[in-house]
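In what follows, a single structure is set out as structure tokens and then discussed.
Bear in mind these aren't lab numbers, they're just calculated from the coordinates by the rules spelled out. Everything numeric here is computed off the predicted structure, so don't read it as measured data. In this analysis, Cβ positions are derived from the backbone assuming ideal geometry, glycine residues included, and neighbour counts consider all displayed protein chains.
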Amino acid sequence: MALRGIPEAFQSRHAIRRLNIGAVGLALGCITGIVLGEVVGRRSDYSEVALAIAFSTFCVGAFWAAFFRPKGVAGHRGFRIGWGISAVLAMLNAQLACLLVAGVHDGYVGLEEVVQMLVAAPTLGIVLWLPALLFTFVCFGAPIVRAQVLAEKGLAGAERGELLVGTACVAIAGLGLLLSLAMPSAQWLDAFSPIRVVGYLGMLAGGMAAYAASIREGRRRAFVREVEAGNVAGFRVDPSPEGKVLVRVTSHGEGYRVSDFREELVELDASGEAKRARYCELP
């Protein structure tokens, strides 16, 4: 929701974060489905098996990305908790993927087979889900943690973090699509087969998030420059002990009774980069 009187470039945009959460799930789903589909599938049903694994990984991966975004999982203790929860989610994904793949292979799975897969997937299946978990931590965990560190430095850092995560999603989804050209069972797939569409969507969502983050940062810098030059009515940049602060000025009264109401909106560093929004503290 837009905040009245607050410049658009300084308002929180959850849409970028949501795009990146979806992009992480799609990129993970694409590359995992393509690679593991080759391992556990057959050429006759490769497309369905790859899509089943991609769907499972998308659901669990998007949840994982959303879980890692809050500051509560930052730091050494939070990282240990996050690692433990990530391992549990990886095992859950293995179980769900096994069930979906069995459904593709056989069409029907009995209760006994379900129980066996639920036990075997996190135990015997460790040879598949553990490397996938390590890959996820390296390719997505590192950018997300870096995004958290940048976000703690202020609004400008948050945008740069989203740019980093979005770029990583584009790269991993693109890698998955390239692998689909090399995997023997995937080479015969149509350009717009479902598993490849997952990769296209991952690149699109990550690219949109990265582009939007870059544009917002540029607009914010331009707005501060215009305010400092005196070209924006109702705003000014004042010095503060911590650097600078973007101020909204509202005039009340008229004639000799006119008075200015000064409202501090955003803390800026010495170069004019946005650090912390003070309007969130206003009544």
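Just a few scattered comments:
- Placing a pseudo-label 7 Å from each Cα along the Cα-to-Cβ vector at VAL197 and VAL138 gives an inter-label distance of 3.2 nm.
- Stretched out straight at 0.36 nm per residue, the stretch from PHE63 to ALA222 would grow longer than its current Cα-Cα span by 53.7 nm.
- Cut-off under 5 Å, modelled amide H: who pairs with PHE235 long-range: VAL249
- Using alpha carbons only: equivalent-ellipsoid semi-axes of region 120-225, gyration tensor based, whole Å: 33, 20, 8
- Annotation for GLU112 and ILE126: the two label points, set 7 Å from Cα along the Cα-Cβ direction, are 2.7 nm apart.
- Loop-located chymotrypsin sites (Phe, Trp or Tyr not before Pro) in region 129-218, at most 13 other Cβ atoms within 10 Å (DSSP): TRP188, PHE192
- Label-point gap, in nm, between SER214 and ARG42 - each point 7 angstrom along Cα→Cβ: 4.6
- Contour excess over end-to-end distance, with Cα ends at ALA15 and VAL232 and 0.36 nm allotted per residue: 75.4 nm
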